[in-house]
Amino acid sequence: MHRLRLGVNIDHVATLRNARGGRDPDPVRAALLAQSAGADGITAHLREDRRHIRDADIPAIMAAIRIPLNFEMAATEEMRDLAVAYCPHAVCLVPERREERTTEGGLDVAGSNVLADMVPVLARSSRVSLFIAADPAQVEASASVGAQVVELHTGAFCDAVADGHEAEAAEELERLRAAAAQAHGLGLEVHLGHGIAFDSVAPLAAIPEAVELNIGHFLMGEALFVGLPAALAEMRRRMDDARRAA
Ligand code: PXP
């Protein structure tokens, strides 16, 4: 099996910076450190309320790193125009609700009347990824609107693992496996993300169609105790071991 890419989400470094309103800790420094520690890409989510990453962070990160930037955004006209202006390597469209603490669910691609118009516009300058639940109708719809990538929401699986709910974890994993196979069959590249931690990464990394994992919160939390390079190296080791064993 091919080597899995590890995308590192640096939003939480910006959250910590914003808690005091100053410049530290600097998300650009975090992106550079992740890059030097072996990250294959950097993810940053510019939310409508700018609660973590801010507008100026995006060009600053892009100018600093040599690995690809995955720009996460809601499917709004404001964000579409920013993405067209920045031309990041990839754009990942996610649902956004002001009151949520993090991206809680996947996009309703099947029920959307904006994605069919927006995806081709974004696809002129970036690879377009849609963050969806592992649901056959959403996978099918993602292919129909012209996305090149789907990122499957792994939150429910990771929560079930963390809570020790084995039967639920097995069901969620099966859903993810089936959606990954379906997406691959439709010519979509498969990414996985949300809530991934040391205890949940191996079964996800073993999904053969997966090409990339995007991980943020757990890695940044772990980095507080062992440093980002060590946290990243341990995640990388677990990904590679799981891939080899599969
Ligand atoms: N992928 C997507 C599309 C996300 O929205 C997020 C959270 O911002 C992540 C991955 C990373 O999730 P976590 O921070 O839980 O690792």
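The values are calculated or read from the model by the stated rules, or taken from the named source; none is laboratory data. What you see is a predicted model, and the numbers here were worked out from it, not measured in a lab. Here the Cβ is made from the backbone with ideal geometry for all residues, glycine too, and neighbour counts use every protein chain on show. Calculation scope for accessible area: heavy atoms of the full protein, side chains included, ligands and nucleic acids excluded. Shrake-Rupley method; radii C 1.70, N 1.55, O 1.52, S 1.80 Å.
Overview of values
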read-out: Verdict on Ala63 being closer than 20 Å to Ala31 by Cβ and free of Cβ contacts under 8 Å to residues at least 12 places away in the same chain; value: yes
read-out: Some residue of the range 25-37 being touching a Lys or Arg at 6+ places or on another chain (Cβ under 9 Å), in a loop (DSSP other than H, G, I, E, B), small (Gly, Ala, Ser) and open to solvent by 10 Å² or more (accessible area, probe 1.4 Å); value: yes
read-out: Search result, residues across the range 49-58 that are touching a strand residue (DSSP E or B) at 6+ places or on another chain (Cβ under 9 Å), within 14 Å of the ligand (Cβ to nearest atom) and open to solvent by 10 Å² or more (accessible area, probe 1.4 Å); value: His52
read-out: Checking Leu16 against (1) within 16 Å of the ligand (Cβ to nearest atom); (2) part of a loop (DSSP other than H, G, I, E, B); (3) open to solvent by 60 Å² or more (accessible area, probe 1.4 Å); (4) of a type in the set (A, V, I, L, M, F, W, C), the condition it does not meet; value: (2)
read-out: Those residues of the range 86-100 which are closer than 17 Å to Ile61 by Cα and either of a type in the set (S, T, N, Q) or open to solvent by 80 Å² or more (accessible area, probe 1.4 Å) (or both), in sequence order; value: His89
read-out: Test set (1) within 19 Å of Thr154 (Cβ to Cβ); (2) modelled with pLDDT of 95 or more; (3) surrounded by fewer than 17 Cβ atoms within 10 Å (Cβ to Cβ) - Thr43 fails condition number; value: (3)
read-out: Single condition Glu72 does not satisfy, out of (1) of a type in the set (Asp, Glu); (2) within 15 Å of the ligand (Cβ to nearest atom); (3) over 26 Å from Glu189 (Cα atoms); value: (3)
read-out: For Met62: the one exception among (1) under 28 Å from Gly21 (Cβ atoms); (2) within 16 Å of the ligand (Cβ to nearest atom); (3) hydrophobic (A, V, I, L, M, F, W, C); value: (2)
read-out: Top-ranked residue of the range 101-119 - restricted to ones that are within 15 Å of the ligand (Cβ to nearest atom) and under 20 Å from Thr43 (Cα atoms), ranked as surrounded by the most Cβ atoms within 10 Å (Cβ to Cβ); value: Leu107
read-out: Identity of the residue in the range 1-13, open to solvent by less than 40 Å² (accessible area, probe 1.4 Å) and closer than 22 Å to Arg243 by Cβ, that ends up nearest to the ligand (Cβ to nearest atom); value: Asn9
read-out: Residue match in the range 132-145 (condition: touching a Gly at 6+ places or on another chain (Cβ under 6 Å) and closer than 21 Å to Arg243 by Cα); value: no
read-out: Set Leu219, Leu224, Leu213, Leu204: member being out of contact with any helix residue (DSSP H, G or I) (no Cβ under 8 Å at 6 or more places or on another chain) and modelled with pLDDT of 95 or more; value: Leu224
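Rundown of residues vs (1) at pLDDT below 95; (2) under 27 Å from Val114 (Cα atoms); (3) not in a loop (DSSP other than H, G, I, E, B), yes/no style:
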position	(1), (2), (3)
Arg54	no, yes, no
Glu72	no, yes, yes
Met79	no, yes, yes
Pro88	no, yes, no
Glu99	yes, yes, no
